[in-house]
Structures are given as structure tokens and as C-alpha cells.
Amino acid sequence: MSSEMREQATRDVLPVLPGRAHDLARLHRLVSRGEPVVTVIGKYNHGKSSLLNELIGHDAFSVSDKRETIVLADRLHAGVRWLDAPGLDADVGAEDDRHALQAAWLKSDIRLFVHAAKEGELDAKELALLHELREDGARTARQTLFVLSQVDQLADETEREKIEKAVSAQAHGFALNAVSSVRHRKGREGGKTLMLEKSGFPALNAALRAALARIPQARAQETALLFGEMNGELLALRAAQTLTLEQLRLTRQQQAHEFERGLRAVIDKVSGEIEPVLNAFGEDRALVPDHAKDHYGITAGKRERAHIQIAYSRACIAIDSFLAGHGVVALPAAQHTAAHSLNTVMIAVMGVSVKFRKDLRRMFGEAAGRERLHRDFTHYFELSDDRRALAQRIAQIEAALGAAEKASAALRTLQMQERRE
């Protein structure tokens, strides 16, 4: 599988499952089917580099009394990639720890957990890492071998037995591989078979060969596990998003239905209440203009205009009350004017006032007028803050669902390619 395809899968899956960044990176390493990777991890100056040199058979890794390994060093030997991780007790910031964890959790098929016998029992940090390695092994089938190093630095066999007993109690579930790199070097260079045997390396090499033989099966199990977990997470996510989307769409539909039904009812109601006013006076006296002499007097025109305005105001109050209950009050910002008092839906649709019977009839007494009111108020209902927020939420869920479906497709493609290869 091409690196471009894996990178594209990462771009599709990672935004949807950000918590799976490490698992996705690990999966890409698994499907690339590279050489087996053995990583030595542990604290500084516990003999990790010396251990690797003896396992390989030559000095490929730097050994020093001072802190030497501050980056992830690796060598390819006998078809195996050997990694020497920085010490877990890094004292130069977080960089060393990051490299160590990258080696232990991302690249490795086998982890050699190294603890120097001279240090006695494991400390809290080592215990925490060992616990994580144990849990990871149970989950992914990746293997960890416990190496008790530098046993030659103990005073005698009694002290060795004491240390091994104490460490074994802490490292429950791990077999201890007690070794001495110094003895192995002397035995290898001097051809001393007994010293080689006493170094513990023959037994460690046998355990390593057995672990290396199990790598294909372990990789297959881990690959299936990661694909299964991520596919399952995406499936659950898409199901939740689909349910949320259906609920939101139903809410939008129900709101629209309730608004439409309620609006028609209130318009019909106020139209019925206005009808007697429209038919009560015969001639529309409101059309008769007042003269200067009528300025302080009561005229038939004034009375009729007052009746019309009262009927109109009552209709406005009823409709406005209904609209307010559905969050339809203010105009969208794009329609605002300098006069803030005019920036309401009621003013935009119905105007400030009605003075003549013909205007009131056109608005409420005719079907076309009532339909216009319904259409205009519905338009502003859809532009209300609540409706726009709901529409935006639906759009967000639709986009998220689309991204999740794309991620699922990318993961399926990755899985099919892995099976073909």
C-alpha cells in the first residue's frame, strides 16, 4: 500500500477520531509490514545499550557512564530492527520521554524492559510503565520481556536471590531474564562457554527467538483489533449522529408545522373579530378629510378612524403575542434601520398604523391579504435566531456525519488493501 494512501486515510480518519492518533499511526506501521522491531526501554544507566550490543554481537550502540542516549538510536541486524530508547528518567525536558514512549508504543513489536539489579526494587515510574506494558500486551498481543541487567554487580548469589524475589513480586506476570552484559562480553571474546551460560544471554536469546516467531500472529491480532475498534467507534458515532440529525430535522418540521397552524389560527381569529368593524359603518367616513374647524371637535371620520385603529391595534397585539412565543420579534441585522423602534417584524409586515377601512379589509378581509400575512410572517420565522441556530446545528451534524462516513470509507479501503497484501 502506498504511503500516499495511508496519509490520505489519516487525513480522513483523524479529524473524526482525534483520540485515535496513536492507534492510527500504529496501524499504518502494522500494514506496512516492516521488519520486526525490538526496543530496549528503561531508566538511564541501567545497561540498555550494553544489552543491545551483546544481543547484536558488536558495538552498534554507544555505551557511557554519563547520559548518552538522548535520541532514538536504531540498528538493523539479522532482519530485526533494534531500538535503543532514551532513559525514562530523562532530565533534559520532555523530548527524551517522548522518544522513549514513541519507541515503546508505536514502533515496537517486542519491548525489552530493562532494570538494573543493583538498583533493587522498581520505582514508581517503572512500575507504572510495566503496568501499562502488561495491559497493552493483554489488549494487542505485543510482547514484553523483563530483563534484570547487571547482575554481576551484586555482591553474591544470596543478594541476587533476594533482589530477584523482590522484583518478581513487583513484576507479576513477567518472567525475569537475569543477565550480565559484562560476563557475556568476556565469554564471547574469550571463548568461555561457562561464562556465556552464566551471563544469562543464551536463555534471553531463546526467549527472544520464541517472541520473534510469534510476531506475525501478534501483528495480525493487533491489526484486526485496531481496525475493529476504530470501525466500531465510527459505527457508533455515525449511529449517534444519524439519530441526532433525525431528531433535529423532526424538531424543525414540528416547529414549522406548529407555527403555521398557530399563525393561521390567530390570523383567522383576528380577521373574524375585525369583520364587524368593516361592515358596521356602511360608508367609510374615515375617507372624509377633517377641516381646520374640526381640529378640536369630534367628527364621524375621527370616530371611524379611531374604531379602525383600535381594531387594528388589537389584531397587532394578538399576532405579536403569538410571534413572540415563537421567538419572532426582531428583524435580521441586515434589515435594521437607524430608527431602532422600527426594527421589528410587526412593523416590517403590517406597518405602523391603518387609518382606512379599505386598508383593513385588504389586510384581513380578503384571502389574498391573509395569505400575504401568513407568508411574510413565516419568512421572518425562518430568519429568527432560534430557527437559524437550529438550521446551523443541523448543517453541523450533516457535515460531521459526512466526515464520519468518509472516515469509515477510508478505513474500509485501508483494511481491504491490507488484506490483499
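The values are calculated or read from the model by the stated rules, or taken from the named source; none is laboratory data. Computed from a prediction, not measured in an experiment: that's the story for all the values here. Ideal geometry is used to build each Cβ from the backbone, glycine not excepted, and the neighbour counts take in all protein chains shown.
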### Query
Could you count how many residues in segment 121-166 are out of contact with any strand residue (DSSP E or B) (no Cβ under 9 Å at 6 or more places or on another chain), of a type in the set (D, E, K, R) and crowded, with 17+ Cβ neighbours inside 10 Å?
1
### Long-range neighbours under 8 Å by Cβ, at least six apart or interchain, first residue more than 18 Å from GLN217 (Cα to Cα) within segment 6-35, second at pLDDT below 90 and surrounded by fewer than 16 Cβ atoms within 10 Å (Cβ to Cβ)
ARG6/SER32; ALA9/THR413; HIS22/LEU106; ALA25/LEU106
### Task
Evaluate the following for ARG375: is it in contact with a helix residue (DSSP H, G or I) (Cβ under 8 Å, 6 or more places away or on another chain), in a helix (DSSP H, G or I) and farther than 24 Å from GLU4 by Cα?
no
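Restricting to segment 364-381, name every residue that is surrounded by 14 or more Cβ atoms within 10 Å (Cβ to Cβ) and either basic (Lys, Arg) or free of Cβ contacts under 8 Å to residues at least 40 places away in the same chain (or both).
Taking segment 364-381 and keeping what is surrounded by 14 or more Cβ atoms within 10 Å (Cβ to Cβ), we get 364-365, 369-370, 372-374, 376-378, 380-381.
Of everything in segment 364-381, those that are surrounded by 14 or more Cβ atoms within 10 Å (Cβ to Cβ) and either basic (Lys, Arg) or free of Cβ contacts under 8 Å to residues at least 40 places away in the same chain (or both) turn out to be GLY369, ARG370, ARG372, ASP376.
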#### Entry: Single condition VAL354 does not satisfy, out of (1) over 44 Å from the mean Cα position of the chain (by Cα); (2) among the hydrophobic types (A, V, I, L, M, F, W, C); (3) surrounded by 15 or more Cβ atoms within 10 Å (Cβ to Cβ); (4) part of a helix (DSSP H, G or I)
(4)
### Query
How do the helices (runs of 4 or more DSSP H) wholly within segment 156-214 filter down when requiring 3 or more residues that are free of Cβ contacts under 8 Å to residues at least 24 places away in the same chain, within 24 Å of HIS131 (Cβ to Cβ) and out of contact with any Cys (no Cβ under 7 Å at 6 or more places or on another chain): which remain?
157-170
